[in-house]
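Sharing a structure here in structure tokens format.
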Amino acid sequence: MTEPTGPADPSRRRLLATGGAALVGGTILGRFGSVQAAEAETSDHGYQGLGHSSVHASASTAYGHAHEPPAWVGPETLDHITVPPPPRRGTQEIEMVVVEQHIEVGAGVHFEAWTYGGTVPGPTIRATEGDLLRIRLRNLTDHPHNLHFHGAHRPEMDGWEPIPAGEEFVYEIEAGPAGLHPYHCHTPPLAEHISRGLYGVLIVDPPGGRPPAHEVVLVLSGFEHEGVPNAVTAWNGIAGYYARYPIKVPAGEPVRAYVVNMTEYEPIGSFHLHAETFDVYPAGMGDRPAFRTDTLAMGQAERAILEFSLPRRGRYMFHPHQHHLADRGAMGWFSAV
């Protein structure tokens, strides 16, 4: 679990995902914990920070058709993706590898993924605007791949040139502008490389930092199963995870969600929060929110920083408002305690 993240938050621990992980700027330190309390996700366990709490199986299938997470999945499985790294300053030396990885994206649903570092999404990278990111990408697969960042950088570092199998390349980009930017493979056919799992998130903080808040990363994506694109959908790569393990936050305190739509083969995705509204910073940019709403539509690779608080104790559902995506696994809860 973590304390609110902001300029004064110095520590965070990064758990490694099952199946492998990439080293991103060294080890990230901090405190995590999980509360398992079947049928008591809103009971008072004493606030310890952002974390997960179990819910009864009937609550995890509120729509009746939501995919379940695999049996091996526990309340800390996605902590390394859910909670972003802390703010940091200075040059970062980042090692990243492209590897093929067999992953289980839902109960009994297996997927042969192409990954950055063994996970889908890939590791979250965080920097301060203007800092240098030096990323050494090694392609350990039998296919050409590369690394393309959204945002602004020198064109020769744009990452559209394929890196052949077994070779590597060092990207040097100046982080910016301040905001939220996806990264992904840009090797043709792009749709295949992205839908197979080659994407992740870059958070760029303004030089003065952002106000303290309880932070969460939510990347929407889909996985092919039995020849059907997006037969399984998920936030952060495991269907039904946040339905089984709600994201636990303190009632009345600020929450900041970094939300990205990386769902290929869908014209649009969205984020809908029940029983509350949120401020929207499109692409995470700007000093003030563009508007306030409870549903945000996003095309592929569109993203936003959402800020809100949950004023009353209880469970607040979130999901895409394309209900077929929610039904296939992309439904979850915030648990305000």
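What's the total number of residues in the stretch 180-190 that are touching a strand residue (DSSP E or B) at 6+ places or on another chain (Cβ under 6 Å) and either surrounded by fewer than 19 Cβ atoms within 10 Å (Cβ to Cβ) or in a strand (DSSP E or B) (or both)? Give the steps one after another, and end with the answer.
Let us first name the residues in the stretch 180-190 that are touching a strand residue (DSSP E or B) at 6+ places or on another chain (Cβ under 6 Å), namely 180-187.
After this cut, where a residue has to be either surrounded by fewer than 19 Cβ atoms within 10 Å (Cβ to Cβ) or in a strand (DSSP E or B) (or both) as well, the list is 180-184.
Of the residues in the stretch 180-190, 5 are touching a strand residue (DSSP E or B) at 6+ places or on another chain (Cβ under 6 Å) and either surrounded by fewer than 19 Cβ atoms within 10 Å (Cβ to Cβ) or in a strand (DSSP E or B) (or both).
Taking only the stretch 282-331 into account, find how many residues are in contact with a Pro (Cβ under 6 Å, 6 or more places away or on another chain) and free of Cβ contacts under 8 Å to residues at least 40 places away in the same chain.
Selection size over the stretch 282-331: 1.
Here is a follow-up. Which ranges mark the strands (runs of 3 or more DSSP E) fully within the stretch 213-331 that have 1 or more residues being closer than 22 Å to V83 by Cα? Can you show your working first?
On the way: elements: 214-225, 228-235, 247-249, 254-261, 269-273, 278-282, 291-293, 295-298, 303-309, 314-319.
Result: 214-225, 228-235, 247-249, 254-261, 269-273, 278-282, 295-298, 303-309, 314-319.
Here is a list: M285, M317, M331, M298. Which entry is crowded, with 16+ Cβ neighbours inside 10 Å and either small (G, A, S) or touching a helix residue (DSSP H, G or I) at 6+ places or on another chain (Cβ under 7 Å) (or both)? Step through it out loud before you land on a result.
Working: M285 fails: either small (G, A, S) or touching a helix residue (DSSP H, G or I) at 6+ places or on another chain (Cβ under 7 Å) (or both); M317 fails: either small (G, A, S) or touching a helix residue (DSSP H, G or I) at 6+ places or on another chain (Cβ under 7 Å) (or both); M298 fails: either small (G, A, S) or touching a helix residue (DSSP H, G or I) at 6+ places or on another chain (Cβ under 7 Å) (or both).
Of M285, M317, M331, M298, the one residue that is crowded, with 16+ Cβ neighbours inside 10 Å and either small (G, A, S) or touching a helix residue (DSSP H, G or I) at 6+ places or on another chain (Cβ under 7 Å) (or both) is M331.
Yes/no per residue for (1) surrounded by fewer than 24 Cβ atoms within 10 Å (Cβ to Cβ); (2) in contact with an Asp or Glu (Cβ under 9 Å, 6 or more places away or on another chain); (3) at pLDDT below 95; (4) among the aromatic types (F, W, Y):
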| residue | (1), (2), (3), (4) |
| --- | --- |
| A175 | no, yes, no, no |
| E192 | yes, yes, no, no |
| A213 | yes, yes, no, no |
| V219 | no, no, no, no |
| E226 | yes, no, yes, no |
| T233 | no, yes, no, no |
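(1) closer than 28 Å to R134 by Cα; (2) surrounded by 24 or more Cβ atoms within 10 Å (Cβ to Cβ): which one isn't true of G209, the others all being true?
(2)
Determine which member of the set I173, I203 is in contact with a Pro (Cβ under 8 Å, 6 or more places away or on another chain), assigned to a strand (DSSP E or B) and either among the polar types (S, T, N, Q) or touching a residue at least 12 places away in the same chain (Cβ under 8 Å) (or both).
Numbers: I173 fails: in contact with a Pro (Cβ under 8 Å, 6 or more places away or on another chain).
One residue alone meets the criteria, I203.
Specify which of the listed residues (E192, E226) is out of contact with any Ser or Thr (no Cβ under 8 Å at 6 or more places or on another chain), closer than 17 Å to Q300 by Cβ and not aliphatic (A, V, I, L, M). Steps first, please.
On the way: E226 fails: closer than 17 Å to Q300 by Cβ.
The conditions single out E192.
The values are calculated or read from the model by the stated rules, or taken from the named source; none is laboratory data. The model shown is predicted, which means the values in this text are computed figures rather than measured ones. Note that we place each Cβ from the backbone using ideal geometry, even for glycine, and neighbour counts take in every protein chain shown.
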